[in-house]
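Everything below concerns the one structure shown next.
Every number in this text was worked out from the coordinates using simple rules, so none of it is lab data. All figures in this text were calculated on a predicted structure; none of them were measured in a lab. Backbone-built Cβ (ideal geometry, glycine too); neighbour counts: all protein chains shown.
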Amino acid sequence: MSTPSPSPCSPAPAGRRATHHIFLVFTLIIGLALMWLLADVLILIFGSIVLATALRGLAGLLERRLAVPPRVSVPVAVLAVLALMGGIAWFLGDALSKQLTDLQQQLPQAWQQAAAWLGRHPLGQQLLDLLDGLRKAGVSPAKLASAATLTLGALGSALLMLIVCIYLAADPGLYRAGLVRLVPPRQRVLADAALLASGEGVARWLVGQGLSMLFLGVATTIGLLVLQAPLALALGVITGLLCFVPFFGAIAAGLVSVLLAFIDGPQMALYVALLFLAIQQIEEYLLTPFIQRWAVALPPAMTLISAVVFGVLFGPLGVVFATPLMVVAMILVRKLYVEALLEHGAPVDGQDPASPM
């Protein structure tokens, strides 16, 4: 009498699947815990990747336009950036340095005059009471600035980002291949395509954001000069730099400029506020639609939500890099989930990009 063959649906495969799922969940929990513990390091790495994307883009431009050899294109790009910064410092350094010093000295006087004007209005008095409560609770602009920007740790972090940025820009393919090797072989082609698309998306966002920053900085400087407002050059530079952070950067730049305009009276402050409103409208309705034809764009609500979420997760640097983080997240979701799973049902096999040629 023959022995019956085991059923193809034996409990062993089901047990292995359950063990596999438990292992995946456990790995996911460990990964999220490590991300939480290493949040400061991870945001520095991402900042380095963003800077490396910009540097690699400049190096690629030098290779295409000036036939610079690829092996030296990144050092040449670094020297070009340093030369540009040196030229700007040579032309504008003295005037800009003096205006920044005057800005630091005049802000307390500007705040006193603004507070006196606000105190004459009920709503303004409520705002002053709120700010006074924050000051008594130990939250003040001076303390926040000191904690966020004027520490040795911040300078060390910036230096680390620059060093890592240069290494990443010199050979991005090496590091991308290393990441792809962490993915199962069947999905490596898809993972490589998703990483390439993410890099291209960040590069396009950087170009678009750079154009917006340049427009806002130049327009603010010219507008303040026309109004004969104080420290136009310094405020224009500050506006351009702060607008790297969408939404919050423009608000901060506008508040500083309006506050400083109170030195010349409430009427000048009103003119400066209207100037900033007009510049923002021009940027939003004329420049942004042109940029969005080829650059990655985020809906305004997504920009604000990403700044809040990544600010909570990663602190001040999370706010600074919130938009490129969201750009990468949206591209990865589109490539790995929407296109690969929902539209095509499964990733397409192909040559392993991480394998040697």
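Below, the figures for the structure above:
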read-out: Chain lengthening between residue 107 and residue 214 when straightened (0.36 nm per residue, less Cα-Cα); value: 36.0 nm
read-out: Protection proxy ranking, peptides 275-284, 199-208, 88-97, average beta carbon neighbours within 10 Å, highest first; value: 199-208, 275-284, 88-97
read-out: Distance (nanometres) between label positions extended 7 Å along Cα→Cβ at residue 45 and residue 88; value: 3.0 nm
read-out: Where labels lie 7 Å past Cα in the beta-carbon direction, separation of residue 182 and residue 293 in nm; value: 3.9 nm
read-out: Pairwise label distance in nanometres, residue 171 with residue 98, each label 7 Å out on the Cα-Cβ vector; value: 5.0 nm
read-out: Estimated FRET transfer efficiency when R0 is 25 angstrom, pair residue 273-residue 79 (beta carbons, to 0.05); value: 0.05
read-out: 3J(HN,Hα) from dihedral phi, the stretch 328-336, Karplus parametrisation 6.51/-1.76/1.60, rounded to Hz, x for glycine, proline; value: 4, 4, 5, 5, 5, 4, 5, 6, 8
